[in-house]
Amino acid sequence: MKLKELRIGDLVARRPVIQGGMGVGVSLSSLAGAVAREGGIGVISAAQPGFMEPDFATDTMEANLRALKNYIREAKELSSGGIIGVNIMCAMNHYEDFVRCTVESGADIIISGAGLPADLPKYVEGSNVKIAPIVSPPKAAKVILKRWDTHYHRTADFIVIEGPKAGGHLGYSPEEVGYYDEVGYDEKIKEIIDIVREYEAKYSRKIPVIFGGGVFDRKDIDHYMELGCDGVQMATRFVTTYECDVAESFKQAYLAAKKEDVAIVKSPVGMPGRAIRNDFIKAREKEREHITKCYGCLKKCDINSIPYCITAALVRAAKGDVDNALLFCGENVWRLDRMMSVKELMEELCD
Ligand SMILES: Cc1cc2nc3c(=O)[nH]c(=O)nc-3n(C[C@H](O)[C@H](O)[C@H](O)COP(=O)(O)O)c2cc1C
């Protein structure tokens, strides 16, 4: 069966694959541009994009906004005007500034999770940027769509469901992850699709539903399309591509990971996260890290009680100091066995 294109309003992605945003420094312009060039949707992460700028430590926000703007421009150029999105986490400080920078820099899409983007419509008003919340359980879909409807008289341009097998921060407790491992997540996806249908009827327009979390191959994509989804969001598989922006040693850590190395860890964001249980995680299970600098990245973060600084741990990962860093990954990371190009991966998945 041929995969259908993904239409989000006036945007048309030839291949219905969104590359999930990955911070810090994992999905920047090289990866996002390559995915968009291959007819998918490339997503740049707005989590500390300025980490390589010379003034990152002294003027973090200035460095972040400058870098984000440049990455959007570069990704657009690399993909000759392909579809480029930005992932902005609600848990981040200066959320509104990142949104405004994204709109002004000419990105097409904003995808927003790690909390519910309650007031995102206000920040993009007057622009043509498409907006999508990331939701985990059906209740989150209900709450955010109702909020945008009652407060802003609009609905989502599309919606991303992040299932319990995803990488990075999770909207599920470790117990819920274990439970859905047993019973599967398909029933919840169907519930969310039903909720979305109500708003499609109300606004007389299509609201594409995208599923992400553990999607690995074409068989998985076909499965979610048959359930009623319009596309998939995939992240882990894109890390082991030549074009992925992260350090080579991070990619090699993915290739070396075994099933038993994947763990649910506590993140300073206050949500569980899925990561490789490396020496850094093992050490943090025993003692807190000595923190010397705060980058002001999160809205709710208490430097006196967190086990480690998430910005510092993710920046070390992005730069390749992998034994001393937080390596987020999806549940299926252990299935990766070789590097490939984004072109090869997109062809394998879609053609
Ligand atoms: C290394 C890594 C970093 C991630 N960073 C973010 C992030 O900054 N913001 C976010 O909303 N999701 C983040 N995610 C989640 C992905 O965007 C995606 O939705 C999810 O990982 C999909 O599951 P998969 O990795 O099994 O394909 C991250 C995932 C990984 C693997």
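The values are calculated or read from the model by the stated rules, or taken from the named source; none is laboratory data. Nothing here was measured: the structure is a model prediction, and the numbers come from that model. Positions of Cβ are generated from backbone atoms using ideal geometry, with glycine treated the same way; all protein chains shown enter the neighbour counts.
Assorted remarks:
- Residue pairs meeting the criteria (Cβ under 6 Å; at least 6 apart or on separate chains; first assigned by TED's automatic domain parsing to the domain that holds residue 161, in segment 113-127; second surrounded by fewer than 18 Cβ atoms within 10 Å (Cβ to Cβ) and assigned to a loop (DSSP other than H, G, I, E, B)): 114/90; 115/90; 117/90; 121/154
Residue-by-condition table, conditions (1) over 26 Å from residue 232 (Cα atoms); (2) within 13 Å of the ligand (Cβ to nearest atom):
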site	(1), (2)
252	no, no
261	no, no
271	no, yes
275	no, yes
280	yes, no
294	yes, no
297	yes, yes
305	yes, no
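- Hits in segment 150-181 (condition: small (Gly, Ala, Ser) and either surrounded by 14 or more Cβ atoms within 10 Å (Cβ to Cβ) or within 18 Å of residue 139 (Cα to Cα) (or both)): 156, 163, 166, 167, 168, 171, 173
- Put simply, of 20, 9 the only residue that is more than 23 Å from residue 91 (Cα to Cα) and of a type outside the set (D, E, K, R) is 9.
- Taking the numbered list (1) modelled with pLDDT of 95 or more; (2) closer than 21 Å to residue 163 by Cβ; (3) not basic (Lys, Arg) in turn, residue 348 passes all entries but (2).
- Being in the same structural domain as residue 116 (by TED's automatic domain parsing), of a type in the set (Lys, Arg) and within 22 Å of residue 86 (Cα to Cα) holds for only one residue in 197, 154, and it is 154.
- Residues located in segment 196-242, provided they are surrounded by fewer than 18 Cβ atoms within 10 Å (Cβ to Cβ) and under 22 Å from residue 149 (Cβ atoms): 197, 198, 200, 201, 202, 203, 204, 205, 206, 228
- Hits in segment 147-188 (condition: under 19 Å from the mean Cα position of the chain (by Cα), more than 14 Å from the ligand (Cβ to nearest atom) and either under 18 Å from residue 332 (Cα atoms) or of a type in the set (A, V, I, L, M) (or both)): 156
- Here residue 219 clears all of (1) at negative phi; (2) part of a loop (DSSP other than H, G, I, E, B) except the condition numbered (2).
- Single unsatisfied condition, residue 238 versus (1) out of contact with any strand residue (DSSP E or B) (no Cβ under 8 Å at 6 or more places or on another chain); (2) under 24 Å from residue 171 (Cβ atoms); (3) aromatic (Phe, Trp, Tyr): (1)
- Qualifying residue in segment 195-212 (condition: more than 21 Å from the chain's Cα centre (by Cα), more than 16 Å from the ligand (Cβ to nearest atom), of a type in the set (Ser, Thr, Tyr) and part of a loop (DSSP other than H, G, I, E, B)): yes
- A search for C-beta distances below 6 Å between a residue of segment 164-176 that is outside the structural domain of residue 263 (by TED's automatic domain parsing) and any residue that is assigned to a helix (DSSP H, G or I), counting only pairs 6+ apart in sequence or on different chains, returns 164/177; 164/180; 165/331; 167/236.
- Just one of the listed residues (315, 333) is hydrophobic (A, V, I, L, M, F, W, C), away from the ligand (no atom under 11 Å from the Cβ) and not in a loop (DSSP other than H, G, I, E, B), namely 315.
- Some residue of segment 1-15 being within 13 Å of the ligand (Cβ to nearest atom) and modelled with pLDDT of 95 or more: no
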